[in-house]
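Below is one structure, written out as structure tokens; the observations come after it.
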Ligand code: ZN
């Protein structure tokens, strides 16, 4: 059974100090409706602006560089990743987070206090189903020796390799298949960290104001300062925690196997952007058929084949939806990957040949002319094509809506203006002239 969306059962409050700003802060978590998503609301500001936990709201803030910040209209929320990781881990879809400062509390530097508080208040299943995005094609981003990739998988799995040029913190690996249990037991309690040299540098820049040896693992040459590790590879595990939090900014639960080498927030965002654009590509609204739902079929394919001598693979009209005999016709051509010409034009980048679009327009024009009783059975032959403009490429899945208007007509020839559209956008237009004689030579 498809899993359902979840929120929390009641309201809970947490207080603490922002790791970067050092400011005292209080957050209140409240249930939210189905499909609301995760919303942050600054209650210390007069406007009640909600900032959705969505990659579109990620702000890269030079003043606070080592965390994930969301912002909108100049209103900021910093260090959202440790809470986001818990929401992803516990599969919470909908939540309102009220906050009275610009940075979430750092607590013990991990996610465990958020997790404990949420489990205490309880998780509420809702009616709507969760909507996963399963990655369909591998995605890869890299930057100066760091990389992160995702390949299709049945659930969310993360493999992380950390490697510093540091005597105490060389290679570490951690691997997890994410679910509420694995998150709680293996990830949630892993704390943020920095190297001792970095800590000094950050402090000198006025950053890490709320950080101390308890809420941040500070790694010196001989080991962690004034603290003890919860796991030997707690550092790699915290990097996975950050990744889980950052990925949840897709706004949807994700399926795929992430393989990350030394990646941080910046690269995580780059991956997220690419995942989001793949999601858009696969979830683009399908074209409705027919394009004009009230259009009735004036001529079906067998009626068209009585008028036109063309046959597969050279018949480019599937249906005529409007016709004024001798004057005008509107036809549909559904372009599928099974068209013979896509085998060679081009196998890796299928594009409908422009000349075949002209042919399709001529065939619709042919229907308009030949539908007049006295012309039935005649064979249209091209005389000229002028003013051709190709405006957009046509690829598999497109539906061509082709309108042919008869401009001039004599006993054995006609001049036609043709225009073909895909989703209301003109892809090609041309003026065509053809003669029609007896069925000895077929040319259009
Ligand atoms: Zn972190």
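A short reminder: the numbers here are calculations on the coordinates, not readings from a lab. Quantities reported herein were computed from a predicted structural model and do not represent experimental measurements. Glycine gets a Cβ as well: all are built from the backbone with ideal geometry, and neighbour counts include every protein chain shown.
Return P(r) of region 174-295 (all Cα-Cα pairs; 10 Å bins starting at 0; whole %; ordered from short to long distances).
11, 32, 28, 15, 7, 4, 3, 1
In deg cm²/dmol and to the nearest 500, what is the mean residue ellipticity at 222 nm of the chain if only DSSP H runs of at least 4 residues count, each as -39500 (n - 2.57), divided by the residue total?
One gets -6000 deg cm²/dmol as the mean residue ellipticity at 222 nm.
If I fit a long axis through the Cα atoms of helix 265-283 and take the longest principal axis of the Cα atoms of the chain, what angle between them do I get, 0 to 90°, rounded to 10?
With rounding to tens, the tilt is 30 degrees.
Cut-off 10 angstrom, C-alpha nodes, Gaussian network model of the chain. Which of 218, 401, 261 fluctuates the most?
Per the Cα network of the chain with a 10 Å cutoff, 401 tops the list.
Considering the chain as a Gaussian network with a 10 Å cut-off on Cα pairs, which listed residue, 127, 23, 392, attains the greatest mean-square fluctuation?
392
For residue 274 and residue 128, compute 0.36 nm times the residue count separating them, minus their Cα-Cα distance, and round to one decimal in nm. Write out the running numbers ahead of the final one.
Details: separation 146, 0.36 × 146 = 52.56 nm, distance 2.70 nm.
Contour length minus Cα-Cα distance gives 49.9 nm.
Can you order the peptides 342-352, 358-368, 37-47 by their average number of other Cβ atoms within 10 Å per residue, highest first? Walk me through the numbers before you get to the answer.
Values: 342-352: 12.9, 358-368: 26.8, 37-47: 15.7.
Ranked from most to least packed, the peptides come out as 358-368, 37-47, 342-352.
Neighbour counts of other C-beta atoms within 10 Å: give me 262, 26, 205 arranged from fewest to most.
205, 26, 262
What does the highest-first list of 403-409, 243-249, 120-126 look like by mean Cβ count within 10 Å?
243-249, 403-409, 120-126
In region 90-133, which residues have a backbone nitrogen under 13 Å from the label point lying 7 Å from residue 26's Cα in the Cα-to-Cβ direction?
98-101
For region 74-119, list log₁₀ I(q)/I(0) at each q in 0.17, 0.23, 0.24, 0.30 Å⁻¹, using the Debye formula over Cα point scatterers of equal strength and ignoring solvent, two decimals each.
-0.49, -0.88, -0.95, -1.30
Calculated FRET efficiency, residue 63 and residue 266, Cβ-Cβ r, R0 22 Å, to nearest 0.05?
0.90
Compute the distance in nm between two label points, each set 7 Å from the Cα along the Cα-to-Cβ direction, one at residue 146 and one at residue 203.
About 2.4 nm separates the two model spin labels.
So which residue, out of 387, 215, 179, gets the largest mean-square fluctuation from a GNM of the chain using Cα contacts under 10 Å as springs?
387
For a label point 7 angstrom out from the Cα of residue 163 toward its Cβ, which stretches of region 245-272 have the backbone nitrogen within less than 12 Å?
Answer for this model: 261-263.
Pop a pseudo-label 7 angstrom from the Cα along the beta-carbon direction at both residue 312 and residue 412 and give the gap in nm to one decimal.
Distance between the two pseudo-spin positions: 3.5 nm.
Report the convex hull volume per residue for region 83-176, counting only C-alpha atoms, in Å³.
Spread over its residues, the Cα hull of region 83-176 gives 178 Å³ apiece.
From Cα pairs below 8 angstrom and at least 6 apart in sequence, can you work out the relative contact order of region 373-442, rounded to a whole percent?
Across region 373-442, relative contact order equals 44 percent.
How high is the FRET efficiency from residue 225 to residue 395, r the C-beta distance, R0 51 Å, rounded to 0.05? Write down the numbers at each step before the final one.
Working: r = 59 Å, r/R0 = 1.16.
Given R0 = 51 Å and the Cβ-Cβ separation, E is 0.30.
Using a simple spin-label model with points 7 Å from Cα along the Cα→Cβ vector, what separation in nm is obtained for residue 382 and residue 324?
A separation of 2.8 nm, rounded to one decimal place.
Quick one: if you take sqrt(5λ) for each eigenvalue of the C-alpha gyration tensor of region 134-180, what semi-axes come out, biggest first, whole angstrom?
Three semi-axes, in Å: 25, 16, 5.
Could you work out the relative contact order of the chain? I mean the mean sequence separation of Cα pairs under 8 Å and 6+ apart, divided by the number of residues, in percent.
14 percent
Restricting to bridges with both residues inside the chain, how much of the DSSP beta-bridge set is antiparallel, in percent to the nearest 5?
Counting only bridges with both partners in the chain, antiparallel ones make up about 85 percent.
Tally the DSSP beta bridges in region 1-120 and give the antiparallel ones as a percent, rounded to 5.
Percent antiparallel among DSSP bridges in region 1-120 is about 75.
Extent of the chain along each principal axis, from alpha carbon coordinates, in Å, largest to smallest?
98, 45, 41
Output the peptides 83-93, 55-65 sorted from most to least packed, where packing is the average of other Cβ atoms within 10 Å over each peptide's residues.
Those peptides, ordered most packed to least, come out 83-93, 55-65.
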